[in-house]
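Report on the structure given below.
The values are calculated or read from the model by the stated rules, or taken from the named source; none is laboratory data. Remember, predicted model here, so these are calculated numbers, not experimental data. All Cβ positions, even for glycine, are placed from backbone atoms using ideal geometry, and neighbour counts span all protein chains on display. Please note that ligands, DNA and RNA were not included when accessible areas were found on the heavy atoms of the full protein model with its side chains. Shrake-Rupley method; radii C 1.70, N 1.55, O 1.52, S 1.80 Å.
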Amino acid sequence: MLTIYGMLDSGNCYKPRLLMALTGQTFRHVETSTRDGTTRTQAFLTRNPLGQCPLLELDDGRFLAESGAILNYLGEGTDFVPTDRFERARMLQWMFFEQNHHEGSVAVRRSLKVYEERKGVATPERLALTLDNGNRALAIMQKALEEMPFFGGQRPSLADLALYPYTKDAPEGGFDLTEFPAIGKWLSRIEALPGYQPKTWTPA
């Protein structure tokens, strides 16, 4: 059985769990956190020298790190990966956007405000910068969603699953999603997908 090592409160770790729920794939979840030191044990570092989660363990004992790579592996052959070459590339475009522009502002600002151990580096300058950059990223998403229901076009794709977790939690970082109504409707569309499970979900 596939195993996903991940932290329940992490948006990156939620991404593959959400995909597995939506596609009905079976797996086991092993709670592993950068906060309690479990990703710094020698056993974990042997599996992923970066000491980060999520980490996917395959049935044959191989390991795969990085949430985007894990999504691509688990999404292969599902309806969440477009068959059209251009649509697939556009999906990847939005996944790269999430990692390069969205996560570094929206997710980082949330972590600065939510996690006690990070509040020491939550300077006014850094909070202001992440708020400005995050709102800029959300505005780009808003404009795209005014023209199409999902970031993959008319159907949800891995891009939507990559962008959903940290956007859903954006208010915890001080972002006002009421300013982005198309994003609010998109969040509702994701949550209405058959098999959807919230971030707190793990398989029985």
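What ranking do 21-30, 154-163, 56-65, 106-115 get when scored by the average of other Cβ atoms within 10 Å per residue, highest first?
With the highest mean Cβ count within 10 Å placed first, the list reads 154-163, 106-115, 21-30, 56-65.
Looking at (i) 25, 24, 14; (ii) 38, 20, 14; (iii) 30, 22, 17, which value of semi-axes √(5λ) of the Cα gyration tensor in Å comes from a calculation on the structure shown?
(i)
When the chain is fully extended, how far beyond the present Cα-Cα distance does Gln93 get from Thr200, taking 0.36 nm per residue of separation?
35.7 nm
Counting pairs of alpha carbon atoms under 8 Å apart in space and at least six apart in sequence, what relative contact order in percent does the stretch 85-192 give?
35 percent
What distance in nm separates the simple spin-label points at Ala182 and Ala69, each placed 7 Å from Cα in the Cβ direction?
3.3 nm
Can you pull the percent of the chain's accessible area that's carbon plus sulfur, 1.4 Å probe, other chains left in place?
The computed percentage sits at 53.
Tell me what the chain gives for mean residue ellipticity at 222 nm when only DSSP H runs of n ≥ 4 count, each as -39,500 (n - 2.57), the sum divided by the residue total, rounded to 500 deg cm²/dmol.
Dividing the helical sum by the residues of the chain leaves -14000 deg cm²/dmol.
Provide the per residue accessible area, probe 1.4 Å, for the chain, rounded to a whole number of square angstrom.
Computed with neighbouring chains in place, this is 49 Å² per residue.
Using θ = phi - 60° and the Karplus curve 6.51 cos²θ - 1.76 cosθ + 1.60, what whole-Hz ³J(HN,Hα) does each residue of the stretch 64-80 get, with Gly and Pro shown as x?
Each residue of the stretch 64-80 in turn: 9, 9, 6, 4, x, 5, 5, 4, 5, 5, 6, x, 3, x, 9, 6, 8 Hz.
Kindly count the pairs of lysines across the chain whose alpha carbons are less than 17 Å apart, treating pairs on different chains or eight or more residues apart as eligible.
Lysine pairs meeting the criterion: 6.
Would you mind getting me the FRET efficiency between Leu127 and Thr26? Use the beta-carbon distance for r and R0 = 35 Å, nearest 0.05.
0.25
Among Ile183, Ile70, Ile140, determine the one that fluctuates most according to a GNM of the chain built with springs between C-alpha atoms less than 10 Å apart.
Among Ile183, Ile70, Ile140, the largest mean-square fluctuation in the Gaussian network model of the chain belongs to Ile140.
Can you tell me the length gained on complete extension of the stretch Lys113 to Ala144, counting 0.36 nm per residue apart and subtracting the Cα distance?
8.4 nm
For Leu58 paired with Thr83, estimate the spin-label separation in nm (one decimal), with each label point 7 Å from Cα along the Cα-to-Cβ line.
Those two pseudo-labels are separated by 2.5 nm.
How large is ³J(HN,Hα), in whole Hz, for each residue of the stretch 148-154 in order, when computed from phi with the Karplus curve 6.51 cos²θ - 1.76 cosθ + 1.60 and θ = phi - 60°, using x for Gly and Pro?
8, x, 9, 6, x, x, 8
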